[in-house]
Amino acid sequence: MFDLPEASDKFCPQCGRSLPTSAFHRNRRRPDGLAFYCKTCAAARSEASRRKRGVAPEKKAAVPVADGLKWCPDCAQIKPVEEFPRTTKASGRHSYCKPCHNARGNESKQRLYGGNREYHLRRRYGVGQKEFDELLAEQGGVCAICGSPDPQHLDHDHRTGWVRGILCFNCNGGLGQFRDSPARLARAITYLRGTTWQRVLIHPGVF
């Protein structure tokens, strides 16, 4: 039979032991503010659940890792923590070093979206390569502003997020430099038409 817990202890139904409250994780949703199972049993149950779902066992470094260093499970190398991307996790760093982190990201983009291009279009603009190609065909295959062939930049309204058209690198950058402001662009046109310096021949050889 299980031993009855003391007043200062908590009973774990998994291992049948009465343990100090420090042996249990905190859980604000429970009446006593503590987890149902002790930390050891909770970890064992979590690990069993991961195995049942087909999740591989967590990899661990074969040797102790000194302060200021971190072990990457993918390349199995110990590197300075600066070589791991920052994150909002408690550790402040991702589990994988930068090359492995990037490789995992690229693999996910390829698997879920078919490549970086599709991922970028979907994430930033809410359209895919198919919609991009259709819009470009409607424009006749040229930049919507200058008419140069094979534009590759999807332009959108920064306030609403709506896609406006497909532009070449220079036209897309130009709108950005003018902050999408019709007033600024109008003043630039006025400037070009009225105040651009003109070479005027005063007399032979002198301008």
(message) Sorting check: for 59-69, 144-154, which peptide has the highest mean count of neighbouring beta carbons within 10 Å, and how do the rest follow?
(response) 144-154, 59-69
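If you add up the charges near Lys98, with Lys and Arg at +1 and Asp and Glu at -1, over every other residue whose beta carbon is less than 13 angstrom from its beta carbon, what do you get?
+2
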(request) Report, to the nearest 10°, how far helix 98-113 tilts away from the longest principal axis of the Cα atoms in the chain, using its own Cα long axis and a range of 0 to 90°. (result) 80 degrees
(message) Rounding to the nearest 10 and keeping the result within 0 to 90°, find how far the Cα-based axis of helix 39-52 lies from the longest principal axis of the chain.
(response) 60 degrees
(request) Return Glu138, Glu118 ranked ascending by Cβ neighbour count within 10 Å, so the fewest neighbours appear first. (result) Glu138, Glu118
(message) I'd like the orientation of helix 116-125 relative to the chain: the angle between its Cα long axis and the longest Cα principal axis, in ° from 0 to 90, rounded to 10.
(response) 80 degrees
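At a 10 Å Cβ-Cβ cut-off, how would you order Ile78, Ile189, fewest neighbours first?
Ascending Cβ contact count within 10 Å gives the list Ile189, Ile78.
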(request) Order by neighbour count: Phe24, Phe132, fewest other Cβ atoms within 10 Å first, most last. (result) Phe132, Phe24
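With the radius of gyration and the Kirkwood radius both derived from the Cα set of the chain, what is their ratio Rg to Rh?
1.27
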(request) Report the charge-dipole magnitude of the stretch 9-52 in Debye, nearest 20, computed about the Cα centre from +1 at each Lys and Arg Cβ and -1 at each Asp and Glu Cβ. (result) 260 debye
(request) Note down the magnitude of the dipole of the chain about its Cα centre, charges +1 on Lys and Arg C-beta and -1 on Asp and Glu C-beta and zero elsewhere, to the nearest 20 debye. (result) 500 debye
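Throughout, read-outs are computed from the coordinates displayed, never taken from laboratory work. Values in this document were obtained by computation on a predicted structure and should not be read as measured data. Note that each Cβ is placed from the backbone with ideal geometry, even for glycine, and that neighbours are counted across all protein chains shown.
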